[in-house]
């Protein structure tokens, strides 16, 4: 069986002299719900907070370290916030924070082995290690979201007119899901971030969100049709997310 490992903020635990004692669990996050009791009625009503809303969770990893001289280096490394990848899903990463105390106890005097646990407080949705991008050059293009939930892309828009419109239609999308951007110059790129709901100029030094109206378009799970006008190309960083 291959050795288990984790990568924290770009550094493999094995390069720190850390051995994982068994693989990390693959966890499906809990959907965020509220249970409402109705007076005089048995049971309760379960209400979801929204579509694809999940709770964060704690991932506990058992580790061993060879050599007491490494202990303080491990403590220094396993702190703060960042991204973690576990060997069970090597093509995924998720935002996380190291929480709780890390205590490494010496378990072998002769071999100088130290053992303990580290806890990662993980955000529920995972992302690809390398984000997938697609480019479309005509209205009506099909773009597929292979993730498990609706994704909120970054759109690199190359305008062909002073006004551009982008719209996406796919499964699970509600509302118009269309944005209109004005004050554009043909050939001068703008960036539309559907996650932070911002529009940036070409070199991302200034916000031009005030020149936009409508909804920041998202991609439904599966097949989507992207339409619009006033642009020659759209480069779409899809930001697919996985449970």
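The values are calculated or read from the model by the stated rules, or taken from the named source; none is laboratory data. Worth saying up front: this structure is predicted, and the values here are computed from it rather than measured. Positions of Cβ are backbone-derived with ideal geometry, glycine not excepted, and every protein chain shown enters the neighbour counts.
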Item to complete: For segment 93-118, enumerate the residues that are more than 15 Å from residue 18 (Cβ to Cβ) and surrounded by 16 or more Cβ atoms within 10 Å (Cβ to Cβ).
Response: 93, 94, 95, 96
Practice prompt. Only strands (runs of 3 or more DSSP E) wholly contained in segment 191-238 count here; list those with 3 or more residues that are in contact with a strand residue (DSSP E or B) (Cβ under 7 Å, 6 or more places away or on another chain) and under 9 Å from residue 155 (Cβ atoms).
Written response: 231-237
Practice prompt. Would you tally the residues in segment 194-214 being under 15 Å from residue 150 (Cβ atoms) and buried (at least 18 other Cβ atoms within 10 Å of the Cβ)?
Written response: 1
Worksheet entry | Single unsatisfied condition, residue 199 versus (1) out of contact with any helix residue (DSSP H, G or I) (no Cβ under 6 Å at 6 or more places or on another chain); (2) at pLDDT 95 or above; (3) farther than 22 Å from residue 52 by Cα | (1)
Worksheet item: Being free of Cβ contacts under 8 Å to residues at least 60 places away in the same chain, within 28 Å of residue 52 (Cα to Cα), in contact with a strand residue (DSSP E or B) (Cβ under 6 Å, 6 or more places away or on another chain) and outside the structural domain of residue 65 (by TED's automatic domain parsing), is that true of even one residue in segment 136-154?
Response: no
Worksheet item: Among strands (runs of 3 or more DSSP E) lying entirely in segment 1-68, which contain 3 or more residues that are closer than 17 Å to residue 119 by Cβ and under 21 Å from the mean Cα position of the chain (by Cα)?
Response: 6-8, 57-66
